[in-house]
Structure formats: structure tokens, C-alpha cells
Amino acid sequence: MPNAKYVPFDLKLDLSEHLKKLKPYVSGKPIEQTKREFGLSEVIKLASNENPTGASPRALEAVRKTLEQSHLYPDASYQSLKNAIAKKRMLDPNQVVVGAGSNEIIDLAIRVLLHPGQNCVAPAYSFIAYQLCAELNGVEFRTAKLDADFAISVDQILAVVDANTRVVFLANPNNPTGITLEAKELRRLASGLLKKNVILCLDYAYWEFADSKDFPAAEDLLVDYPNLLVLHTFSKIYGLAGFRVGYGLGRPELIQWIERARQPFNVSSIAIEAAIAALEDQAFLIRVKEQNAKERERLAMALSRLGLRVYGSNANFVFVDLHRDAEQVNSELLKRGVIIRPLLNYGLKTQVRVTVGLPQENDKLLKALKEVLV
Ligand SMILES: Cc1ncc(COP(=O)(O)O)c(C=O)c1O
């Protein structure tokens, strides 16, 4: 809507071609907007892999105390959170960099490690932020083909890497497919890339949900692979998505450069206090993990019984092939107050991603789906 106060003016913006070509990020539809659009009083959102339990109560308590100090800038070095993370992971604080969500660290890693003319690689159907950040920074983004059933192929990744590749991104478990790369293959990838002098950015956003023993911790991998940058977030299992805080782990030789590019006050002081308290709230973590695993299994079984293909997941969401136009199913679900994530922006027409909700939310989704799929 043009603002009536302003006379039209043709601003001659000299924008980069990368920016002009960039496809905007498609986020999960907000609850309030859906309520307004469809005249609904109750809407559930299973679209952004948030924690349906809420935030850790200890984190919220810590935030209340910190609010009094809101007039002060945070400590620009974020030493307290770095110390807390380092202690928990048995690393050195100079192996930690904190960001406004792990998304910021993806962007920083690209800006620090890649120049125009170079490229980064990720398996097809990886988290879309890798491509968006790369293209915004004028860096080529390449995808590696998958094997059947969306399986990640180390050979295909290594085949796409060339002399201009500086970073390979790997989300494990992957978003949106939930697919896991087993530990042996992960190690084969890390050592293959080490020989080629390429950084492996291992995105462990969903690591804490994984129940298989097949997800080596960053601190163990870093012993063998100095070319690793491991990303973690407080947005998922810790339930702090709204605060925007995540972190990267690596050898100090790598972390120091990402630190160099980081803005001094990139994370708010309340987010920092929430993160420190959440790290200590082990009981909350265990409860969320158990509930998620139980509901994920129940949801997957119920969806399979509806004749849908559900892919195995180690995360807090399931990837489902509806065998029909996902956009159509999605609009019918929206009318019934259920927000899920269609994946057309990934080029996937019949698959959707569904966050594992609370039992009553999953029941609502299943009831709505039964109505829509008849
Ligand atoms: C694989 C993966 N990495 C990173 C992120 C970014 O998380 P945040 O920026 O909230 O830490 C997400 C969010 O959905 C994700 O799915």
C-alpha cells in the first residue's frame, strides 16, 4: 500500500545481482495470521520445529532477573556463555562462538571462509539457509545428488567438491528430510574433506533429539578433524527459538576468524542468560527428548496407517510423502487450524514436514488429515 504522504520517487538503488536473484526465505505461517485469515480461535503450528513444551522454566526465571539490567550492553565477548558451553562439552572457551541463532553462524562462516568465485556444497534438499546465505554473499552454491530415498551420499558430495570448494554443509539429522548420515560415513566425509582442505560445517541443530548412538559429539570429532565447524542451537530442544541464540564449536584456529567477523553485541543479554540457565536444566532436556521420541513414533505410525510414506527421523519432526499435491492438503489443513510445512520452496511437491507436537496437537493434526485425505 503506497503511503499517501509520499510523492512517488524512483530510488536508483545499485543492488547486487545476487540480492536481486535471491528467493526470499519462506518461514512457517504465523499462528495469529492464520487465525485472522481463516476466522479461527484455535490454531496449532507444527511448521517450524519449535519445542511444543515451551522454554525451560529455569531459562525463563533467569530472564526475569536479567530484565532489570536491560539498559546495559551485554559483555561483547560472551565469556559467561562460552565458559558454560565449554565446561559442558569439555572444550576450551576459545573453541566456542555464539550467534543470534545458528543461522547467524552459517552466514558468518560463509562470509569468513568463502570469497566470490569459490563455492560451497551441500547435499540436495538440505536446510535452505546454506543456499540463501551463500547466494547473498555472491558465492556459488552446489548440491550433491542423493541416493534413493533421500539418503545422503558421501561419494556424491566428494565428487562435487573441486579446487574452489571451501565449505561443505551437512545437517545431521537433515532438515527437511530428517535423514541421518551414519557415524562411519560422517567420518569418511570429514577425512575426505580434510585431505582436500575443505571445512565441514556439521549442523547439529537436532542432535540432542537423536536417540541413535550414531551421532558422535563435536568434542570427539574435533580430536580427529581440525576442519570441523559444528553448529548447535538453543532454538530446538531448549525451547528458546524466540531468543535467537546458537553456537559454533571448532578448533581455536578456525573459531578466532569467525569471532573476528562477529558483530560485538550480536546476541542480547537476556538470550545469553536464558541459554546459560537452559544448559543447566538437564531434567527439562530429558523430559522433552523422551516426550518427543514417544510422540514421534506414535505420529509416524498413525500417518503410515493413513497410507502415507513416513521417512525415519531422529529429530523433532517427520518428513512425509502425502502422495498428492501437498499445497492443496496444506490449504485444507489451514482451514482446520493446523499449520504444517509444505516444501515447494525445496522443489518438493508431494512431501511435507510436520513438527512433532504435544499429544493433543498431534491428535488434532491426525483428525484434520483424516478429513482432508478422504
Ligand atoms: C538444520 C538447521 N540448522 C540451523 C537452523 C537455524 O536455527 P537457529 O537460527 O534458530 O539457531 C535450523 C532451524 O530450523 C535448522 O533446521
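The values are calculated or read from the model by the stated rules, or taken from the named source; none is laboratory data. The model shown is predicted, which means the values in this text are computed figures rather than measured ones. Glycine gets a Cβ as well: all are built from the backbone with ideal geometry, and neighbour counts include every protein chain shown.
Residue-wise test of (1) acidic (Asp, Glu); (2) surrounded by fewer than 22 Cβ atoms within 10 Å (Cβ to Cβ); (3) closer than 22 Å to Gly312 by Cβ; (4) without any contact (Cβ under 8 Å) to a residue 24 or more places away in the chain.
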| residue | (1), (2), (3), (4) |
| --- | --- |
| Lys195 | no, yes, no, yes |
| Ala210 | no, yes, yes, no |
| Leu240 | no, no, no, no |
| Gly246 | no, no, no, no |
| Ile258 | no, yes, no, no |
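Which of the following residues is touching a residue at least 24 places away in the same chain (Cβ under 8 Å), under 24 Å from Gly312 (Cα atoms) and among the acidic types (Asp, Glu): Glu104, Glu182, Glu135?
One residue alone meets the criteria, Glu182.
Since Pro52 meets every condition but one in (1) closer than 24 Å to Arg336 by Cβ; (2) in a helix (DSSP H, G or I), which condition does it not meet?
(2)
Given the conditions (1) out of contact with any strand residue (DSSP E or B) (no Cβ under 9 Å at 6 or more places or on another chain); (2) closer than 30 Å to Gln360 by Cβ; (3) not hydroxyl-bearing (Ser, Thr, Tyr), and given that Gly28 satisfies all but one, which numbered condition is not satisfied?
(1)
Please verify whether Glu104 is within 16 Å of the ligand (Cβ to nearest atom), surrounded by 18 or more Cβ atoms within 10 Å (Cβ to Cβ) and not assigned by TED's automatic domain parsing to the domain that holds Cys133, treating the condition exactly as stated.
In short, no.
Based on what the data block shows, is Asn197 at positive phi and away from the ligand (no atom under 16 Å from the Cβ)?
yes
Go through (1) hydroxyl-bearing (Ser, Thr, Tyr); (2) over 26 Å from Glu219 (Cα atoms); (3) modelled with pLDDT under 95 for Tyr73 and report which single condition fails.
(3)
Looking only at the stretch 268-306, filter to residues that are under 25 Å from His323 (Cα atoms) and free of Cβ contacts under 8 Å to residues at least 24 places away in the same chain; which one of those is farthest from the chain's Cα centre (by Cα)?
Filtering first and then ranking leaves Arg305.
Could you please give the count of residues in the stretch 125-140 that are aliphatic (A, V, I, L, M) and over 15 Å from Val161 (Cβ atoms)?
Residues meeting the conditions: 4.
Which residues, taken from the stretch 151-187, are more than 16 Å from the ligand (Cβ to nearest atom), farther than 22 Å from Leu113 by Cβ and not hydroxyl-bearing (Ser, Thr, Tyr)?
Listed by number, the residues that qualify are Ala151, Asp155, Glu182, Ala183, Lys184, Glu185.
Of the numbered conditions (1) at positive phi; (2) surrounded by fewer than 17 Cβ atoms within 10 Å (Cβ to Cβ), Phe150 satisfies every one except a single condition; which is it?
For Phe150, the exception is condition (2).
Residues to consider are Gln256, Gln263; find the one that is away from the ligand (no atom under 16 Å from the Cβ) and among the polar types (S, T, N, Q).
Exactly one of Gln256, Gln263 is away from the ligand (no atom under 16 Å from the Cβ) and among the polar types (S, T, N, Q), namely Gln256.
Would you check if Val372 is over 14 Å from Lys29 (Cα atoms) and touching a helix residue (DSSP H, G or I) at 6+ places or on another chain (Cβ under 6 Å)?
For Val372, the condition - over 14 Å from Lys29 (Cα atoms) and touching a helix residue (DSSP H, G or I) at 6+ places or on another chain (Cβ under 6 Å) - is met.
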